[in-house]
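Read-outs: derived from the displayed coordinates by stated rules, not from any lab. All values reported here derive from a predicted model rather than from experimental measurement. Virtual Cβ from ideal backbone geometry, glycine too; neighbours counted across all protein chains shown.
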Amino acid sequence: MTAYLLRRLGQTAVVLVGVSVLVFALVHLVPGDPVRLALGTRFSQESYDALRERSGLDQPLLVQYFTWAGRALTGDLGVSFRTGEPVTLLILERLPATLLLAGAAIVVALLIAVPLGTVSALRPRTLLDRAATVVSQAGISIPDFWMGIVFILLFAGTLGWLPTGGYVSPADDPAGFLQRLVMPAVVTGVVSGSVLTRFVRSSVLEARGADHVRTAEAKGLGTRVVLSWHVLRNALLPLVTVTGVQLAYLLSGVVVVEIVFSWPGLGQLALQAVQSRDYPVLQGAVLLFALTFLVVNLVVDLLYTRLDPRIRV
């Protein structure tokens, strides 16, 4: 187990270095001068040169990369061109909103996927199975921004039950926070839950046809015991991996949903950085996204080895 963990950590480090090089190169290929955007329409050549020098943009690209990467290892991701604030501070300010939205969305997704996918698999080729397939396919196909707009028109505009969007700290106003969390969490959770439903259904169908399940049924075990101990426990193992991928995706910021509901998360921060050519913020956000995917995948792999003894062997 220790050797496996060390090997995976080494692979994660190599991938992260490659991602950092790719991110740094792609960001600098984006057209536009971030210094001009930061200074506005009126500036002197002296102020322009001073900002370029202070930002390190007057150095060769190789020097810029190693300087940025070395500081990133210590948690220093630079300073925003647009606001002048430390990038690490900007990310930490947006991180709680993203964590809360992603956590709520994954709970909604699992509440949809596990029962719907299981019931669909236990009643294959029935009207219930076809209805579940249509619902999950619709959830995958409908754009999340359109669903968000419909939710706003219905629950905020017509019924007046919920606010149209925004964000308040749960510590300051728990009720207001929950009211603003419901719609973006449900919209995001429906999309992720539709994807997970397909995996749950196929996994349960595969587990029901396994030899050990047929043996358990032949021995006269009750249907509830067979389903809980022999079908669901094995069928839900692949769900761990898919849920981890969905969680990493949500933590990386659902940009469209955050914009529709004015949710100040990391996705919205990255989009603002792209629009303003804010190199440090964009590099820091994308590097955090990559690190999130790598860490979540590593945790899922380690958890999978604990859940499935065959992998350890």
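Points to keep in mind about this one:
- Convex hull of Cα atoms in the chain, direction-averaged projection (nm²): 21.5
- Alpha-carbon centroids, the stretch 106-179 and the stretch 74-94: separation in whole Å: 34
- Calculated [222 nm] ellipticity per residue, helices only, for the chain: -23500 deg cm²/dmol; basis is -39500 (n - 2.57) per DSSP H run with n ≥ 4, divided by all residues, nearest 500.
- For the stretch 154-164, Karplus couplings with θ = phi - 60° (6.51, -1.76, 1.60), whole Hz, Gly/Pro x: 7, 7, 9, x, 7, 7, x, 7, 10, x, 5
- Karplus-derived 3J(HN,Hα) values for the stretch 217-224, using 6.51 cos²θ - 1.76 cosθ + 1.60 with θ = phi - 60°, are 5, 5, 6, x, 5, x, 4, 5 Hz; glycine and proline are entered as x.
- Taking amide H atoms as placed 1.01 Å from N in the peptide plane, the amide H of Ser262 lies under 5 Å from those of Gly166, each 5 or more residues away in sequence or on another chain.
- Across the stretch 286-299, computed HN-Hα scalar couplings (Karplus, 6.51 cos²θ - 1.76 cosθ + 1.60, θ = phi - 60°) run 5, 5, 5, 4, 5, 5, 4, 4, 5, 5, 5, 5, 5, 4 Hz from first to last residue, x flagging Gly and Pro.
- Nonlocal amide H pairs with Val79, under 5 Å, H built at 1.01 Å: Val87
- By average C-beta atoms within 10 angstrom, highest first, the peptides 180-186, 95-101: 180-186, 95-101
- Its relative contact order, with pairs defined as Cα atoms under 8 Å and 6+ residues apart, puts the chain at 26 percent.
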